[in-house]
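Let me begin by presenting the structure, written as structure tokens, before commenting on it.
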Amino acid sequence: MPHRAWMLCMALLAGCAMQPPVDTVESAHAGQVGMNEISALIPQPSRVELAENESFLMPLEDDANPMPAYPAPWLSKRLPPQAVCVRVGVDRDGSVLSSAPAIAPPNCPEPADPVFFATVREAVTQWRYDPALRCVFPDARTREHTVGSCGGYTEVPEAVTLTYRFVFEQKDGRGSVRLAR
């Protein structure tokens, strides 16, 4: 599992870093979509309680997961940025079980047109993950000395719900991408 540990560390570091907007220009008729996983910002009704000898590894997204595309007919509408938040249910095997709107104004308002959520839903239903894992160690001390992996101890796959915020943007009729927090 050294690869998983490295990926987890990189994901944690990337999540802590402030990232400025990144603009890319495709063509006058193409749009880009930015997204960021924001689960920690959304209150959850219940969370898994871990024992002192347990730790939790978040699921890792597959690099081949497709991003949604900016709906071409909406480029001509010159809409302001559209934030679309989605709650994605991930099964114990890493497959997507469900997706639903996650509306929590002001950062996750209802989009101006439901086609934006439909575009997001179409993409996330194809996503795959390395499953989330609950690591069970012989004792708390072993857990404290094992970071970013289960270290060869018991791995229990867990189903999770993740929340993402996608931002659909355009400027001067051209698509752009911005990672959102």
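Residue by residue, what Karplus-based ³J(HN,Hα) values in Hz, rounded to whole numbers, does the range 113-122 have, using 6.51, -1.76 and 1.60 with θ = phi - 60° and x for Gly and Pro?
Each residue's phi maps through the Karplus curve to give 9, x, 4, 5, 5, 4, 5, 5, 4, 4 Hz.
Taking amide H positions as placed in the peptide plane 1.01 Å from N, state which residues far from Thr163 in sequence (5 or more) or on other chains have amide H under 5 Å from it.
Hits under the 5 Å cutoff: Ile38, Ser39, Val88.
Where does each of Glu49, Glu169, Glu54 land when they are ranked from fewest to most other beta-carbon atoms within 10 angstrom?
Glu49, Glu54, Glu169
Order of Thr142, Thr163 from fewest to most other C-beta atoms within 10 Å?
Thr142, Thr163
In nm, to one decimal, how far is the modelled label at Leu50 from the one at Tyr153, with both set 7 Å along Cα→Cβ?
1.0
How much FRET efficiency would the formula 1/(1 + (r/R0)^6) give for Met67 and Arg92, where r is the Cβ-Cβ distance and R0 is 25 Å, rounded to 0.05?
Once rounded, the FRET efficiency stands at 0.50.
A short reminder: the numbers here are calculations on the coordinates, not readings from a lab. From a predicted model like this one, the values you see are computed outputs, not experimental measurements. With ideal geometry, Cβ positions are generated from the backbone for all residues, glycine too; neighbour counts draw on all protein chains shown.
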